[in-house]
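Report on one structure; see the data block that follows.
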Amino acid sequence: MSLIDLMSMAKPEKESMRKVLAKLGRSEFIDCFQCLKCTSGCTALKLLELKPHEIMKLVRLGFVNELAASEIIWTCATCLKCVQRCPQKGSPYHVIMALRNLAVEREAKVPEAYLKAVSQILENGLSQTIQKITTRKMETFDRTSLKLPKISAPKESFQTVFLKALEEKQE
Amino acid sequence: MKMAVFWGCRILTSQYAYEMSVRQVFPKLGVELVDLREATCCGGPVKSINAFAADYLAARALALANLTGLTDLLVPCNRCHFTISEAKHRMEINERLRLRIGELLKEDGLEYDPNINIWHVIDLLHDAVGLEKIKETVKKPFKGLELASHTGCQIIRYSDLGRVDDAENPRKLDELINVLGAETVDYSEKLDCCGAVLTYSHQDAALSLAGSKIKALQGLNVDALVVCCPACQMMFDSEQKDAGTAVGAKLDLPVLYYTQLLGLALDIEAEKLGLHLNQSLVDKLLTKLPA
């Protein structure tokens with residue numbers, strides 16, 4: 001007999017569970033006893049309905065494919081309270097990050113801004129573009145007019161090696 | 001004291017006031033800062049995409065610091081500080097990761113050094129420079145100011161990495177404010193997150209988080225909110241107007257970096273501290289300062 005989610009007919013899947021464990025660098029999942037310390041303090045609970053304890057349970061039961069394809073894993077605000085407070089050192093944040101990495105590998109839908117950040121890093125080393133600032137008095141400033149030193153871009157080899165790091169097979 | 005400084009992306013590309021005020025205040029307290037040879041990302045946003053590549057970027061930051069020959073690195077951004085500290089921790093406990101990253105760095109002509117101490121503005125000022133030294137250096141102590149502190153999330157969590165202050169009751173930023181002569185308030189939203197990371201995926205929720213916190217602080221009639229992270233400043237200061245729209249409130253709370261506040265107490269001109277770049281109404285605060 002095996003487990004099945006009657007709402008979606010999803011079944012637990014061992015291989016995906018193994019992948020998440022490998023990303024977490026663990027040999028087995030921690031014993032989450034659903035104390036809800038993570039969810040009760042979660043920054044994304046009220047506005048985005050992120051419930052880390054449910055993610056912990058679903059991963060443990062093997063519904064990893066469903067989570068990796070879900071938008072819910074992209075609602076974490078990275079405040080790290082769950083890592084700090086979990087009495088079992090289960091760290092839902094790290095489970096969510098492992099699921100995000102898995103989603104990227106499977107080419108699931110990923111928020112555009114993350115992909116843009118990576119392509120900008122490849123381009124010039126920084127994840128953001130240089131902005132001009134308009135002040136409260138409607139004057140415009142940039143690094144030069146603020147007398148800040150010029151930004152020194154990385155050498156050419158940076159791009160090649162960073163690309164290699166991105167393509168490295170993750171386990 | 002001489003140390004390298006890793007600015008990260010947000011400070012170098014938009015949060016210029018933090019860079020200006022850090023460059024102004026530290027030399028006055030006997031800390032000389034040395035820029036790294038190259039400006040690159042710490043790997044923070046890459047964590048969600050590919051943890052290994054993120055760790056590589058973080059290790060690269062430490063390798064660049066290594067080139068300066070200095071053993072201390074100041075990382076003024078909370079997120080960069082977390083990303084680099086976590087990568088360092090992971091490489092300590094995972095030899096295979098450390099070796100593989102070491103190989104990649106070698107291809108880029110760099111070498112990873114695990115012995116670099118990572119500092120943030122908060123612990124550098126509070127623990128290394130020290131409150132006494134700051135007190136002695138202050139030229140224009142504040143009087144009658146009531147301020148709120150926001151230390152942020154990633155600089156205090158999670159404790160296994162060794163963070164700069166207590167995860168549930170951070171006090172150092174308050175103490176640093178108090179030593180300048182200003183009072184600080186304790187408020188129930190103190191640990192609430194600014195929401196900056198959510199701008200990558202849920203802009204409205206991010207603005208609501210920032211707006212709710214400022215709204216609560218306005219209710220307490222504080223003179224200003226003091227932060228120490230470019231992402232928090234972006235949400236509470238640069239985006240304050242939109243955050244107000246998100247929570248249906250008119251927000252007009254002055255928000256500034258601790259290094260700007262410290263600079264004012266050291267009698268550095270407001271413009272040199274980048275106070276003209278703050279989008280919130282810091283003029284309201286400036287008029288309350290001693291002449």
Contour excess over end-to-end distance, with Cα ends at residue B:289 and residue B:267 and 0.36 nm allotted per residue
6.8 nm
Roughly how much of residue B:52 is accessible, in Å² to the nearest 10, using a 1.4 Å probe?
20 Å²
Amide H neighbours of residue A:32 under 5 Å, at least 5 residues apart or on other chains, H built in the peptide plane: list them.
none
Karplus-derived HN-Hα couplings along segment A:142-154 (A = 6.51, B = -1.76, C = 1.60, θ = phi - 60°), whole Hz, x at Gly and Pro
9, 4, 5, 5, 8, 6, 8, x, 5, 6, 9, 5, x
Using a 10 Å cut-off around each Cβ of peptide B:199-207, what is the average number of partner chain Cβ atoms that fall inside?
5
For residue A:115, what accessible surface area do you get with a 1.4 Å probe? Give it in Å², rounded to 10.
80 Å²
Can you work out D for chain B in µm² s⁻¹ from Stokes-Einstein, where Rh is the Kirkwood radius over C-alpha pairs, the temperature is 20 °C and the viscosity is 1.002 mPa s?
111 µm²/s
Tell me which residues come under 5 Å, amide H to amide H, from residue B:184 once H is placed; ignore anything under 5 positions away on its chain.
B:147
Once Rh for the protein assembly as shown is found with the Kirkwood sum over Cα pairs, what is the Stokes-Einstein diffusion coefficient at 37 °C and 0.692 mPa s, in µm²/s?
144 µm²/s
For segment B:107-220, the Cα convex hull volume per residue in Å³ comes to 169 Å³
Plugging the Cβ-Cβ distance of residue A:89 and residue A:113 into 1/(1 + (r/R0)^6) at R0 = 25 Å yields, to the nearest 0.05, a FRET efficiency of 0.25
Looking at the square roots a ≥ b ≥ c of the eigenvalues of the Cα gyration tensor of segment A:14-105, which shape do they give, rounded for a/c under 1.5, prolate if a/b is larger than b/c, or oblate?
oblate
Residues residue A:123 and residue B:183, FRET efficiency given R0 of 56 Å [Cβ-Cβ distance, rounded to 0.05]
0.75
With θ set to phi - 60° and the Karplus curve 6.51 cos²θ - 1.76 cosθ + 1.60, what are the ³J(HN,Hα) couplings of segment B:185-192 in order, to the nearest whole Hz, using x for Gly and Pro?
9, 9, 9, 5, 8, 3, 8, 5
Have a look at B:65, B:159, B:236 and report the one farthest towards the positive end of the charge dipole of chain B, computed about the Cα centre with Cβ charges (Lys/Arg +1, Asp/Glu -1).
B:236
In Å, the Kirkwood hydrodynamic radius of segment B:2-119 over pairs of distinct alpha carbons?
14.4 Å
What's the average, rounded to a whole number, of partner chain beta-carbon atoms within 10 Å of each residue's beta-carbon in B:155-162?
4
For each cysteine in chain B, check whether another cysteine's C-beta sits under 4.7 Å from its C-beta; list those where none does.
B:9, B:41, B:228
Once all Cα-Cα distances of segment B:23-79 are split into 10 Å bins that start at 0, what whole-number percent is in each one?
21, 45, 26, 8, 0
Report the label-to-label distance for residue A:131 and residue B:35 in nanometres (one decimal), using points 7 Å from each Cα along the Cα→Cβ vector.
2.1 nm
Using a 1.4 angstrom probe on the protein heavy atoms only, could you order B:184, B:71 from most to least accessible area?
B:71, B:184
Phi to ³J(HN,Hα) by Karplus 6.51 cos²θ - 1.76 cosθ + 1.60 over segment B:72-83, Hz, x for Gly, Pro
10, 10, 8, 10, x, 8, 4, 5, 4, 4, 5, 4
Springs between alpha-carbon pairs under 10 angstrom, Gaussian network model over chain B: which of B:134, B:101, B:93 fluctuates most?
B:93
Partner chain coverage, peptide A:119-129 - average Cβ within 10 angstrom
5
Quick one: accessible surface of residue B:215, probe radius 1.4 Å, all protein chains present, in square angstrom to the nearest 10.
100 Å²
When chain B is treated as a GNM, springs tying every alpha-carbon pair under 10 Å, which of B:195, B:109, B:248 comes out with the largest mean-square fluctuation?
B:109
Per 0.36 nm of contour for each residue apart, how much would the distance between residue A:144 and residue A:4 grow if the chain were fully extended, relative to their Cα-Cα spacing?
44.3 nm
Simple spin-label estimate for residue A:61/residue A:34, 7 Å along Cα→Cβ, in nm, reads 0.9 nm
When only alpha-carbon atoms are used, what values of Rg and Dmax, in angstrom, describe segment A:80-171?
18.9, 53
Going from most exposed to least, what order do B:258, B:200 have by accessible area with a 1.4 Å probe?
B:200, B:258
Of the accessible area of the protein assembly as shown, computed with a 1.4 Å probe and all protein chains kept, carbon and sulfur make up a percent value of 51 percent
Could you give me the percent of Cα pairs per 10 Å distance bin for segment B:131-286, shortest bin first, beginning at zero and ending with the bin that holds the maximum distance?
11, 41, 36, 11, 1
Going by amide H atoms built from the backbone, whose H comes under 5 Å of the H on residue B:119, apart from near neighbours?
B:73, B:74, B:75
Charge dipole (debye, nearest 20) of the protein assembly as shown; +1 at Cβ of Lys and Arg, -1 at Cβ of Asp and Glu
180 debye
At a probe radius of 1.4 Å, figure out the B/A buried accessible area, summed over both chains, and give it in Å² to the nearest 100.
5600 Å²
Quick one: length gained pulling residue B:168 to residue B:96 fully straight, 0.36 nm per residue minus the C-alpha distance?
22.6 nm
How would B:179, B:164 line up by accessible area, probe 1.4 Å, largest first?
B:179, B:164
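The values are calculated or read from the model by the stated rules, or taken from the named source; none is laboratory data. These numbers were taken from a predicted model, which means no experiment stands behind them. We place every Cβ from the backbone using ideal geometry, glycine too, and count neighbours over all the protein chains shown. Note: areas computed on protein heavy atoms with side chains; ligands, DNA, RNA excluded. Shrake-Rupley method; radii C 1.70, N 1.55, O 1.52, S 1.80 Å.
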